[in-house]
Amino acid sequence: MAGKSKRTQRLIDLSINERCHAAWLLTGTPIKNGRPVNLFPLLEAISHPLSKDRWEYERRYCNGYRGAFGWDNTGAAFLDELAQKTEDCILRRTKADCLDLPEKQRIFKPAEIKAKELKTYNSEISELVQDYRDRVKAGEVSPEAQALVTLGILRKVGSKYKVGSAIALAEELLEQGQQVVIFGEFKESVNAVYSAFAGNAELLTGDTPQDERQLMCDRFQSGESKVFVGTIKAGGVGLTLTAASNVILLDRPWTPGDAEQAEDRCHRIGQSSAVSAFWIQLGLVDKMVDELIDSKQARIDKVLKGKTKTLRGLSSPAELAKELLKIL
């Protein structure tokens, strides 16, 4: 919930109205990005004591400071204390608490690329990084903003080179008589994967008409089609794809909740088999992005579960991008 959105402000106005006797909030993602600042609007809506002074809250729990570009509240600090002070107003129930589901395991699988392709990939990456450095040195762009843009391009390039690995893994699972779900961030890569299985696959992207989506799920669930391919944004939530116990994430979104939601299209009510979620990784870019996702999840767990260790200075996507472009 964005603290400055009209929806959030209207909710807060309603909750603090004198005619409102109590506010009980239900959310699947209280801290979507692993940032304690995400929790503040919820605390404000229930008139929690910590919401009385936003500046003090952000200074202490968000590691807030005055930086070169203004007030930065994207950090995290004193999470054990924050968990302790909010435990009386947060009732957390995970899927494991509520549902008797089979095990889910996450598998980091290195992309398998031929030597010639790897050489071409490294060449593309080097050119993009050098272009970024040249433009920063010439003062043409902001280092922070351009770093994030460049990282997005690097991820898209890497996604293209991981398509073959996703296809090979899916073919291996199909040969074992299994069905498979494949999600990616970039439409071009998703389309390329789908093309390899056309005639035996479903393709769900933002261009798919709404009235077609359930029909696609039904065909997959019945076994009429064996492969379900989609973009994470279009298909990563709301679908039931329990006919498959294997899901391949060609790429990952920035937020851990969205990555888990994509995996959980297979890991939900109706699933009887253990689920395997394969995260295909190519080089340093993927490894660092996946580490950022893990660090965000660690923040969320520390606030909501009340673990004692405090995390400070975890990277934002922009910070990660700058650091990555220094070492590539």
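The values are calculated or read from the model by the stated rules, or taken from the named source; none is laboratory data. For clarity, every value in this text was computed on a predicted model and none was experimentally measured. Note that each Cβ is placed from the backbone with ideal geometry, even for glycine, and that neighbours are counted across all protein chains shown. Note: accessible area is taken over every heavy atom of the protein model, side chains too, but ligands, DNA and RNA are not part of it. Shrake-Rupley method; radii C 1.70, N 1.55, O 1.52, S 1.80 Å.
Within the stretch 71-93, can one find any residue that is under 29 Å from A318 (Cα atoms), open to solvent by less than 70 Å² (accessible area, probe 1.4 Å), hydroxyl-bearing (S, T, Y) and touching a Pro at 6+ places or on another chain (Cβ under 6 Å)? Checking the stretch 71-93: not a single residue is under 29 Å from A318 (Cα atoms), open to solvent by less than 70 Å² (accessible area, probe 1.4 Å), hydroxyl-bearing (S, T, Y) and touching a Pro at 6+ places or on another chain (Cβ under 6 Å). Run N33 past the list (1) touching a Ser or Thr at 6+ places or on another chain (Cβ under 7 Å); (2) at pLDDT 90 or above and report the number of the one that doesn't hold. The single condition N33 does not satisfy is (2). Among the residues of the stretch 236-275, those identified as of a type in the set (D, E, K, R) and open to solvent by less than 20 Å² (accessible area, probe 1.4 Å) are D251, R252, E263, D264, R265. Would you be able to say whether some residue in the stretch 96-108 is in contact with a helix residue (DSSP H, G or I) (Cβ under 8 Å, 6 or more places away or on another chain) and among the aliphatic types (A, V, I, L, M)? Yes, the stretch 96-108 contains at least one residue that is in contact with a helix residue (DSSP H, G or I) (Cβ under 8 Å, 6 or more places away or on another chain) and among the aliphatic types (A, V, I, L, M).
Can you tell which of E112, E127, E103, E140 is of a type in the set (D, E), within 30 Å of K287 (Cβ to Cβ), open to solvent by 90 Å² or more (accessible area, probe 1.4 Å) and in contact with a Ser or Thr (Cβ under 9 Å, 6 or more places away or on another chain)?
Just a single option satisfies the conditions, and that option is E112.
Among the residues of the stretch 178-205, the ones that are over 16 Å from I232 (Cβ atoms), touching a Ser or Thr at 6+ places or on another chain (Cβ under 7 Å) and among the hydrophobic types (A, V, I, L, M, F, W, C) come to 1 in all.
Being farther than 25 Å from I232 by Cα, part of a helix (DSSP H, G or I) and either in contact with a strand residue (DSSP E or B) (Cβ under 7 Å, 6 or more places away or on another chain) or in contact (Cβ under 8 Å) with a residue 12 or more places away in the chain (or both) is a property that R155 lacks.
Beta carbons closer than 8 Å, at least 6 apart along the sequence or on distinct chains, pair a first residue in the stretch 224-240 that is farther than 19 Å from S195 by Cβ with a second that is surrounded by fewer than 20 Cβ atoms within 10 Å (Cβ to Cβ) and among the small types (G, A, S) for K233/G206; T240/G270. Only strands (runs of 3 or more DSSP E) whose full extent lies in the stretch 42-128 are considered here, and the ones with at least 3 residues that are closer than 30 Å to L249 by Cβ and not β-branched (V, I, T) are 104-110. If the condition is being touching a Leu at 6+ places or on another chain (Cβ under 8 Å) and farther than 15 Å from I182 by Cβ, then the stretch 240-288 contributes W254, H267, R268, I269, Q271, L284, V285, M288. Annotation note: of F278, F220, the sole residue that is crowded, with 20+ Cβ neighbours inside 10 Å, assigned to a helix (DSSP H, G or I) and modelled with pLDDT of 95 or more is F220.
Only residues that are closer than 27 Å to V157 by Cβ and crowded, with 16+ Cβ neighbours inside 10 Å were counted across the stretch 281-307, and they come to 13. Evaluate the stretch 283-303: report whether one residue or more is modelled with pLDDT of 90 or more and within 27 Å of D100 (Cα to Cα). Checking the stretch 283-303: not a single residue is modelled with pLDDT of 90 or more and within 27 Å of D100 (Cα to Cα).
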